[in-house]
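Asker: I am attaching a structure below and will ask some questions about it afterwards.
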Amino acid sequence: MKPEILVMAPSPSAAVMAQLDEHFHCHHLWRVAAPERDAWLAGVAPRVRGLATTGTIGIDAALAARLPLLEIVAVNGIGVDAVDFAALRPRGIRVTNTPGVLTDDVADLAVALLLAAGRRIPALDTYVRAGRWQQGVAIPPARAVRGKVAGIYGFGRIGKAVAQRLAAFGLQLRYWQPNVVAGTDVPRSASLLDLARDSDYLVVCAPGGAATKGLIDADVLAALGPEGTLVNVARGSIVDEPALVAALEQGRLGAAALDVFAEEPAVPQALMALPNVVLTPHVGSLTVETRQAMGQLVVDNLLAHFAGRDLLTPVA
Ligand code: 8YV
């Protein structure tokens, strides 16, 4: 008898989906129309022993309560801020995530967003498509990226990979996170506020969750200033979004390049209306290679659990 698992969202990798269906009795929630999900879940939930979920969907207390036999939650992502550990821990339910395999792609997107904002690529793309080049409309020059300071908030795997890339573009680097990171030459600012004050680009690579909620607030944005740019590839929850919108609209912040938002997939209309904002739809890890590797970790962690082997990437 294959263990029964609940699959919250599909992987773009056909190989991953095939392995899930081969090794487990999968209940694919994402195939059920939203209005029918509740009744459908009532039918399958009592037998579900494993959950394959995403970094943004996670699992809340209400879903956990509906799955009495749940043993393992395999998150297809690094962020576990959407997992309600308080609901899982007393029941001994294990959690895995996908560290390491997505580092390079997320760091690449952070750099791409920084360069896109710095060199105003989306606005220039619009300029060309709208025929303004032929009309001879003047283009004010951008500021060079080299020599500027990038402050990285959250200096873990992804933050360090961003730093490595930005060094090659001639940026000076700083970081801040609550604990000092050993073995790096990159200086640590005294606080997040100081990091923003010290930086031209503030790149958010920190984990989401209660500890970081709203930390990029009006004061931090003011410290970054009218020439400063916010780049966020982490979690929308870390930024006070209304404060960000206000700072951008009033010219108190220079620009923003965002892959993540407070209420995905909703993006504030005000952000969409601003020309100095670059927007992507939470795609840091969305490459063929990385989603294959992430999905494989989900499969392998589930297989290890149900075979009684050590988990590959348990969340402590
Ligand atoms: C994905 C992510 O959006 O790793 C994370 O924490 O947010 C992303 O990689 C998502 O988890 C894909 O399933």
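What follows draws every value from the coordinates through simple rules; no lab data is involved. These numbers were taken from a predicted model, which means no experiment stands behind them. Note that each Cβ is placed from the backbone with ideal geometry, even for glycine, and that neighbours are counted across all protein chains shown.
Asker: I need the calculated FRET efficiency for the pair Ala167 and Arg47, taking r as the beta carbon distance and R₀ as 45 Å, to the nearest 0.05.
Answerer: 0.30
Asker: Okay, next question. Using amide H atoms built in the peptide plane, which far-off residues or other-chain residues are under 5 Å from His25 H to H?
Answerer: Glu4, Ile5
Asker: What do you get for trypsin sites (Lys or Arg not before Pro) in segment 63-150 restricted to DSSP loop and a cutoff of at most 16 other Cβ within 10 Å of the site's Cβ?
Answerer: Arg119, Arg132, Arg143, Arg146
Asker: From the phi angles alone, apply the Karplus equation (6.51, -1.76, 1.60; θ = phi - 60°) to segment 244-258 and give each ³J(HN,Hα) in whole Hz, x where the residue is Gly or Pro.
Answerer: Values, residue by residue: 5, 4, 4, 5, 5, 5, 8, x, 7, 10, x, 6, 9, 10, 10 Hz.
Asker: For segment 190-195, in order, what is each residue's ³J(HN,Hα) by Karplus, 6.51 cos²θ - 1.76 cosθ + 1.60 with θ = phi - 60°, in whole Hz (x at glycine and Pro)?
Answerer: Those phi angles translate into 6, 7, 5, 4, 5, 4 Hz.
Asker: Run the numbers on the chain and let me know its relative contact order in percent, using alpha-carbon pairs under 8 Å that are six or more apart.
Answerer: Reported relative contact order: 18 percent.
Asker: So for Met1, Met8, Met272, Met17, fewest C-beta neighbours within 10 Å to most, what's the order?
Answerer: In order of increasing Cβ crowding within 10 Å: Met1, Met272, Met17, Met8.
Asker: Of Gly43, Ala107, Pro141, which is farthest along the charge dipole of the chain in the positive direction, counting Lys and Arg as +1 and Asp and Glu as -1 at C-beta?
Answerer: Among Gly43, Ala107, Pro141, the one farthest towards the positive end of the dipole of the chain is Pro141.
Asker: Could I ask something else about it? Cα to Cα, under 29 Å, and not fewer than 8 places away if on the same chain: which lysines meet these conditions relative to Lys148?
Answerer: Those lysines meeting the cut-off are Lys160, Lys213.
Asker: If I build a Gaussian network model for the chain, linking alpha-carbon pairs within less than 10 angstrom, which residue out of Pro68, Pro207, Pro99 has the largest mean-square fluctuation?
Answerer: Pro68
Asker: I need the phi-derived Karplus couplings for segment 159-169: 6.51 cos²θ - 1.76 cosθ + 1.60, θ = phi - 60°, integer Hz, Gly and Pro marked x.
Answerer: Once rounded to whole Hz, the list reads x, 5, 5, 5, 4, 4, 5, 5, 4, 5, 8.
Asker: For a Förster distance of 35 Å, can you work out the FRET efficiency between the beta-carbons of Ile121 and Trp40, rounded to the nearest 0.05?
Answerer: On the way: r = 44 Å, r/R0 = 1.25.
Approximately 0.20, to the nearest 0.05.
Asker: Follow-up. Can you compute the FRET efficiency between Glu263 and Met1 using 1/(1 + (r/R0)^6), with r the Cβ-Cβ distance and R0 = 41 Å? Round to the nearest 0.05.
Answerer: Once the sixth-power term is evaluated, E becomes 0.50.
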